[in-house]
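**Q** Okay, handing you the structure first.
The values are calculated or read from the model by the stated rules, or taken from the named source; none is laboratory data. Model, not experiment: these values are computed from the prediction. Cβ placement follows ideal geometry from the backbone for every residue including glycine, while neighbour counts extend to all protein chains displayed.
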Amino acid sequence: MKCFSWILTLLVCLIVPIVVVTADPLVPALCFFGDSVMDAGNNNYLTSMLRADFLPYGRDFVTHKPTGRFCNGKLAADYTAEYLGFPTYPPPYLSRADEKTLLTGANFASAGSGYFDMTAQLYQAISLPRQLSYYRKWQKRVVALVGNDEANTIFSGGIHILSAGSSDFLQNYYVNPFLNRLYTPAQFSDVLMKSYYSFVKNLYSLGVRRIGVTSLPPAGCLPAAITLFGFGTNKCMAKFNDHAMLFNNKLNATSQYLMDRYLDLKLVVFDIYQPLLDMITKPTDKGFCESRRGCCGTGTLETSLLCNMRSIGTCSNATGYVFWDGYHPSEAANEILAQNLLMQGLPLIS
């Protein structure tokens with residue numbers, strides 16, 4: 001196992017320099033779906049209260065301006081695009097990007113969205129079915145630009161990455177007495193699995209053959225979760241982490257079932273649980289000094305409007321922080337997560 005891990009690391013070291021000098025990306029297109037972890041600015045065009053189009057969000061981005069990303073700088077999605085050799089990041093679909101840019105993919109993710117449609121409704125976000133509807137419109141635009149044959153090559157050869165589920169639990173299930181009385185965590189996970197299965201099935205019917213889906217993070221270790229439910233302990237909520245692992249086991253099982261049914265489908269479950277947990281529990285090993293609170297404000301509960309230029313206590317240098325705000329990783333943490341995604345996602349590239 002150690003030898004295999006070493007080989008993967010070597011491959012990543014070889015791939016990353018290659019994509020810097022190669023003229024073409026390793027895959028024809030890159031598309032993102034899901035929630036705030038992937039949202040590159042779609043919520044800027046909504047009335048949702050979950051927005052990040054103001055400072056200090058984006059202060060460390062290449063433009064030093066807020067873009068709608070829930071981070072001080074780049075998302076793991078941005079690093080992934082760089083590693084795969086794309087000259088630009090997939091633009092938010094609602095931004096009306098130019099046609100040439102859209103040929104290489106788009107970002108359909110929306111902060112506050114999830115597998116459970118009611119989660120998106122609560123936060124006026126773009127639900128997964130609606131994201132899928134936008135994706136169909138994107139496909140039609142690509143067909144109009146390059147024709148059916150080349151478009152189908154783009155759809156089947158492109159990588160499609162989905163990140164969802166965290167908002168369903170942290171911003172809905174755990175704070176919604178109706179839901180947590182109606183369903184046990186296992187039952188709620190089953191409900192979410194039905195949505196996930198349907199989403200992948202629909203993508204497959206649209207010609208998509210390369211899909212990556214992220215697992216849930218160690219939700220009980222997020223600063224906001226500790227603040228809201230930790231009762232002053234400053235320790236990870238073991239119960240929430242157990243729920244995340246339960247969900248992740250179901251995600252792996254459902255993904256295997258999908259691959260058994262669709263033999264030409266390449267589907268990878270990206271484990272972000274362990275890499276992020278390692279950063280949280282052993283921060284100095286990864287070059288961090290703070291993993292219990294985020295950089296923005298007090299770094300405990302802040303996100304969206306609560307993380308702003310007047311937030312007292314916002315750190316001056318986020319590179320030593322695992323978290324940017326109460327829910328989202330910093331740019332430095334996103335870079336490490338993206339490196340893990342690349343290692344795990346090699347089957348999607350080959």
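**Q** Given the residues S198, S189, which is the only one that is polar (S, T, N, Q) and buried (at least 22 other Cβ atoms within 10 Å of the Cβ)?
**A** S189
**Q** Continuing with the same structure: Return the only residue of L145, L162 being loosely packed, with under 15 Cβ neighbours inside 10 Å and in contact (Cβ under 8 Å) with a residue 24 or more places away in the chain.
**A** The conditions single out L145.
**Q** Can I ask one more? Do we find that T67 is surrounded by 11 or more Cβ atoms within 10 Å (Cβ to Cβ), in contact with a helix residue (DSSP H, G or I) (Cβ under 9 Å, 6 or more places away or on another chain) and modelled with pLDDT under 95 in this structure?
**A** So T67 fails the test.
**Q** Tell me which of these L277 doesn't satisfy, since it passes every other one: (1) touching a residue at least 40 places away in the same chain (Cβ under 8 Å); (2) outside any loop (DSSP other than H, G, I, E, B); (3) in contact with a Phe, Trp or Tyr (Cβ under 7 Å, 6 or more places away or on another chain).
**A** The single condition L277 does not satisfy is (3).
**Q** Which residues, counting only those in region 43-56, are within 17 Å of the chain's Cα centre (by Cα) and either surrounded by fewer than 17 Cβ atoms within 10 Å (Cβ to Cβ) or under 24 Å from C315 (Cβ atoms) (or both)?
**A** L50, R51, A52
**Q** A further question on this structure: Quick one: which of P129, P66 is under 22 Å from V208 (Cα atoms) and not aromatic (F, W, Y)?
**A** Working: P66 fails: under 22 Å from V208 (Cα atoms).
Only one candidate qualifies: P129.
**Q** Same structure again: Scan region 83-102 for residues that are out of contact with any Leu (no Cβ under 9 Å at 6 or more places or on another chain), crowded, with 18+ Cβ neighbours inside 10 Å and either in a loop (DSSP other than H, G, I, E, B) or touching a residue at least 60 places away in the same chain (Cβ under 8 Å) (or both) and report the count.
**A** Qualifying residue count for the region: 0.
**Q** A further question on this structure: Output the residue which, of all residues in region 103-142 that are aromatic (F, W, Y) and over 15 Å from the mean Cα position of the chain (by Cα), is surrounded by the fewest Cβ atoms within 10 Å (Cβ to Cβ).
**A** Y134
**Q** Could you list, in sequence order, the residues of region 22-40 that are surrounded by fewer than 24 Cβ atoms within 10 Å (Cβ to Cβ), at pLDDT 95 or above and not aliphatic (A, V, I, L, M)?
**A** Scanning region 22-40 gives P25, P28.
**Q** Please find, within region 298-326, the residue that is nearest to R69 (Cα to Cα) out of those that are surrounded by fewer than 18 Cβ atoms within 10 Å (Cβ to Cβ) and aliphatic (A, V, I, L, M).
**A** Ranking the qualifying residues of region 298-326, first place goes to L305.
**Q** Could you tell me whether D260 is in a loop (DSSP other than H, G, I, E, B), out of contact with any helix residue (DSSP H, G or I) (no Cβ under 7 Å at 6 or more places or on another chain) and closer than 25 Å to I159 by Cβ? Full working, then the answer.
**A** Working: in a loop (DSSP other than H, G, I, E, B): no; out of contact with any helix residue (DSSP H, G or I) (no Cβ under 7 Å at 6 or more places or on another chain): yes; closer than 25 Å to I159 by Cβ: yes.
In short, no.
**Q** Regarding S215, is this residue free of Cβ contacts under 8 Å to residues at least 60 places away in the same chain, surrounded by 15 or more Cβ atoms within 10 Å (Cβ to Cβ), hydroxyl-bearing (S, T, Y) and under 29 Å from L306 (Cβ atoms)?
**A** Yes.
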